[in-house]
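Peer 1: Below is one structure. I have some questions about it.
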Amino acid sequence: MRTRERHWPVAELEAWRSACRIGAGTALLVAASGAWAGYVVTPLGDLYGSDNYALGINNVGQAVGYSFTAGYAAMHATLWTGGVATDLDTLGPDSLAVGINNAGQVVGSSTTAGNLERVTLWTGGVATYLGTLDGSHSYAQGINNAGQVVGYSRTADHPTYHATLWTGGVATDLDPRGVTNSFALGINNAGQAVGASAAAGNAATHATLWTGGVAIDLGTGGYRSYAYGINNAGQVVGSSNTGGAAGHATLWTGGVATALGTLGGWSQSSASGINNAGQVVGYSDTGGAAYHATLWTGGVVIDLNDFLDPFDRAAGWVLNDVGGINDSGWIAVNAYNTVTRSGRAYLMTPDSASVVPELNTWALMLAGLSVMTAGLRRKRRA
């Protein structure tokens, strides 16, 4: 996730954890993309000496999230530009930013003086509350380049939440179908939104696509699923149960679901974002208690910790969650320190110093050896 990954109003909307690791990350990234051999991992700037967390990134390389003030007294929406942190301030005691478009508009949520949470839009550093469906709680989850915002808002007739689209500051219920709860969690530049809808009694939650005013059930691999991101080609990512308790990272293309794999066999994983190149990011457990930030690219599953500085790893830092990926392959990622119990945000950028023009025999051989090694390990465990 996560320290405070999203404002889920129901326990069912916790992110699933699991993904499939095959071999050494650097060699596999070369083999999968033919573009670069690694990533440069840089800590994002700190504001108050406390934890910070990244939740979104745009194609300009700006990241957004939140930072805790001194002593963890409050959390403030934060914008990182060139790695430098700016406090976006808050209209109430707390705020966080979850998305940013290419024009630099930032969206998130702020608490009011009456302790209500409201969708907030920052334009040019100025914060504005957006409308709600019933005048109480609302939460933002994403923004596109047209300035359309998606999230969810409490409804007027029930103590439930409905997927909501804000256009020009006006809130529209995306899901007036009588479902118990629904949540819009991502949007693309065509205005297509994705999220999840729950049937009566929250007995079944299904990944949902809203397009052209129509809600489409994307189905599940078991009994529930969630969609978290969508690119401009309409590819959707999220997680789906595969019949057991574990949710697995899932890609929907043309409505057809494909499991993306796990880092630790039958473990938990979730895909939280996808760029227009089809690269998917999320998080996974490793077959144990540890959660690792994960990249799926070219059919290969990569543990992003393979690119973390060995000194940081020795100091207890673990990349355990991803805030987003842009079309250049830049990744906003979050780390947790197992020693100090603290968190901080990083920016991962493709290592231009190690560009490779095409696949080569050495990379393919390393990838093959990695697959063989993974197979032998699985055989020994069996």
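Peer 1: Given the Cα-Cα distance of V256 and A233 and 0.36 nm per residue of separation, how much length would full extension add, in nm? Can you show the working numbers first?
Peer 2: Numbers: separation 23, 0.36 × 23 = 8.28 nm, distance 1.41 nm.
Going from the current span to full extension adds 6.9 nm.
Peer 1: For a distance above 14 Å, tell me the whole-number percent of Cα pairs in segment 63-106 that qualify.
Peer 2: Working: 419 of 946 pairs.
Above the 14 Å cut-off, segment 63-106 has 44 percent of its Cα pairs.
Peer 1: Modelling each spin label as a point 7 Å along the Cα-to-Cβ direction, I'd like the A73/D173 distance in nm, to one decimal.
Peer 2: 4.1 nm
Peer 1: Can you check what the net charge comes to around R313, using other residues whose Cβ is under 13 Å from the Cβ of R313 (Lys, Arg +1; Asp, Glu -1)? Present the calculation step by step, with values, prior to reporting the outcome.
Peer 2: Details: positive: none; negative: D303, D306, D309, D312.
Net local charge, R313 excluded: -4.
Peer 1: Also: Amide H neighbours of D175 under 5 Å, at least 5 residues apart or on other chains, H built in the peptide plane: list them.
Peer 2: A163
Peer 1: Right, something else. I need the peptides 118-127, 335-344, 321-330, 277-286 ranked by packing, meaning the mean over residues of other C-beta atoms within 10 angstrom, with the highest value on top. Mind showing how you got there, number by number?
Peer 2: On the way: 118-127: 17.6, 335-344: 15.6, 321-330: 22.7, 277-286: 24.4.
Listed from highest to lowest mean packing, they are 277-286, 321-330, 118-127, 335-344.
Peer 1: Answer rounded, prolate or oblate for segment 229-310, using the Cα gyration tensor with square roots of eigenvalues a ≥ b ≥ c: rounded when a/c is under 1.5, else prolate when a/b is larger than b/c, else oblate. Could you put the intermediate results ahead of the total?
Peer 2: Working: a/c = 2.41, a/b = 1.23, b/c = 1.96.
Oblate, because a/c is 1.5 or more while a/b does not exceed b/c.
Peer 1: With the cut-off at 1.5 for a/c, could you classify segment 66-159 from its C-alpha gyration tensor as rounded, prolate or oblate? Intermediate results must be reported in sequence, preceding the final value.
Peer 2: On the way: a/c = 2.41, a/b = 1.26, b/c = 1.92.
It is oblate, given that a/c is not under 1.5 and a/b is not larger than b/c.
Peer 1: Here's a follow-up. Sort segment 282-338 into rounded, prolate or oblate with this rule: let a ≥ b ≥ c be the square roots of the eigenvalues of the Cα gyration tensor; rounded if a/c is under 1.5, and if a/c is not under 1.5, prolate when a/b is larger than b/c, oblate otherwise.
Peer 2: On the way: a/c = 1.85, a/b = 1.41, b/c = 1.32.
It comes out prolate by the Cα gyration axes.
Peer 1: Note down the accessible area of I100, probe 1.4 Å, to the nearest 10 Å².
Peer 2: Taking all protein chains as shown, I100 has close to 10 Å².
The values are calculated or read from the model by the stated rules, or taken from the named source; none is laboratory data. As the structure is a prediction and not an experimental result, all values here were calculated from the model. Cβ coordinates were reconstructed from backbone atoms using ideal geometry, including for glycine residues, and neighbour counts include every protein chain displayed. The area values use the complete protein model at the heavy-atom level, side chains included, leaving out ligands, DNA and RNA. Shrake-Rupley method; radii C 1.70, N 1.55, O 1.52, S 1.80 Å.
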